[in-house]
1. Name the residue, out of ILE321, ILE311, that is assigned to a helix (DSSP H, G or I) and crowded, with 17+ Cβ neighbours inside 10 Å.
2. Test each condition in (1) free of Cβ contacts under 8 Å to residues at least 60 places away in the same chain; (2) within 21 Å of LYS368 (Cβ to Cβ) for GLY103 and report the one that comes out false.
3. Of everything in segment 324-352, what is among the hydroxyl-bearing types (Ser, Thr, Tyr) and not in a strand (DSSP E or B)? Give them in sequence order.
4. Residue check: is LYS200 at pLDDT 90 or above and touching a Leu at 6+ places or on another chain (Cβ under 7 Å)?
5. Of ILE321, ILE314, which residue is among the hydrophobic types (A, V, I, L, M, F, W, C), within 25 Å of SER61 (Cα to Cα) and not assigned by TED's automatic domain parsing to the domain that holds PHE90?
6. What are the residues in segment 373-394 that are within 21 Å of GLN175 (Cβ to Cβ) and at pLDDT below 85, if any?
7. Considering only residues of segment 95-145 that are of a type in the set (Asp, Glu) and surrounded by 20 or more Cβ atoms within 10 Å (Cβ to Cβ), which is modelled with the lowest pLDDT?
8. Which one is surrounded by the fewest Cβ atoms within 10 Å (Cβ to Cβ), of the residues in segment 262-298 that are part of a loop (DSSP other than H, G, I, E, B), within 23 Å of the chain's Cα centre (by Cα) and modelled with pLDDT of 90 or more?
Amino acid sequence: MISKYRKQFNQEFSQDKYEQFKQSLKQKSGLEPGFRISESPIFLTNEFKNKLIDASESIISQIKALPKGTLEKAIPESCKVPNDTKQPHFFTIDFGICKNENGEIEPQLIELQAFPSLYAFQKVFEQTFCGVYPFISEIKNPMPDNEFKDSLKELILGNENPENVILLEIYPEKQKTAIDFVFTEKLLGIKTVCLTKLKKEGRKLFYENSGKLIEIKRIYNRVIFDELNRIPDLKTEFDFREDVDVTWVTHPNWFFKISKFLLPLLKHQYVPKSYFLHEFPETENLENFVLKPLFSFAGSGVNLNPTKEIINSIEDKENYILQRKVNYESVFEDINGEFSKAEIRLLYIWKENDERPILLENLARMTKAAMVNVDFNKKDAIWIGSSNAFFGEK
């Protein structure tokens, strides 16, 4: 990690600055974030960044080289949506920051998704850190803000008028990520619409704005289709499986195709060995593995210490994986001399005619708990929660 920036940040940090930081986010959005904001960014070397990029590029190449039809096997029959696309619009990869047997800090793949993360929020998050701690601007994301904005506009709006493009979510005001919806609206000039508010006429979808019905031509989809079945008495005019005249950004099928389903198929020094539960070999030691459902969100259903009794009780073993445990290294020192662990998510976009995705931003999550996820930060501590990574000198 970069000791120069860590030392300066810790010297400049104060509780007043942390409150100023949070107040700035609230003023810009009009909302309190629905998740804990870490007091600190994480500082990583360019050498570590190169390891992240090397692993990511290898993973992307391996996915592109998979036999035709492989990814389609991941989509449950009950969740297939018509008019699939050849590639996703979004691609995110999560790496744990770990230490190998030689004592070297290295990334280890945790999971990957073709689902939009907090793209708009993270850009504002990064800008806010630089505003409160100006010295960090030396190592901020080199992509100019206008290029970031134009890239997202091109991807999400296409050639459509912003009023014909919506951000779609289920009960958006109740989502922890609602602050990102606000920043997305400001960035792109689009509306956030609840799935229950959509109107359907023939093959066309509409939403109401100021008493008028507006046709929807592109949907920036933030609904996890698989979770709709868990909402009791959900009433909608539109079912995802219906064939309608809209362009999905990104298509719902990709939530399943780029998921933990891929982990047993990938090979790289920064990719922990994984198996589908029904293919787990007897030669492996169960104690060295974490049990994960294929299609869960925010760490739900993950078992850090699975037993034979637990895995034997699972009927749909093809919907689970066992992933070799990785040891997150506590390397981010706080002002009390204690250390946090972290995970970094690389946020890519994949333009419709591009061969490979483009890295736009990153998201970091810090913890002192057993699981690196903002939902598991129950401990009363500092240097935990949602954050951002800055990359600099060796």
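1. None of the other options fit; the residue is ILE311.
2. GLY103 satisfies all of (1) free of Cβ contacts under 8 Å to residues at least 60 places away in the same chain; (2) within 21 Å of LYS368 (Cβ to Cβ) except (2).
3. In the first step, residues of segment 324-352 are kept if they are among the hydroxyl-bearing types (Ser, Thr, Tyr); the result is 328, 330, 340, 348.
SER330, the sole residue that qualifies.
4. no
5. Only one candidate passes the filter, namely ILE321.
6. Correct list: ASN373, VAL374, ASP375, PHE376, ASN377, LYS378.
7. Among those that are of a type in the set (Asp, Glu) and surrounded by 20 or more Cβ atoms within 10 Å (Cβ to Cβ), it is GLU111.
8. Just the residues of segment 262-298 that are part of a loop (DSSP other than H, G, I, E, B), to begin with: 266-273, 280-285, 294-298.
Within this subset, residues satisfying the condition of being within 23 Å of the chain's Cα centre (by Cα) are 266-273, 294-298.
From the residues that got through so far, the ones that are modelled with pLDDT of 90 or more too are 266-273.
Values: LEU266: 19, LYS267: 10, HIS268: 15, GLN269: 12, TYR270: 21, VAL271: 23, PRO272: 19, LYS273: 14.
Within segment 262-298, the match that is surrounded by the fewest Cβ atoms within 10 Å (Cβ to Cβ) is LYS267.
The values are calculated or read from the model by the stated rules, or taken from the named source; none is laboratory data. Being a predicted model, the structure only gives us computed values, none of them experimental. Virtual Cβ from ideal backbone geometry, glycine too; neighbours counted across all protein chains shown.
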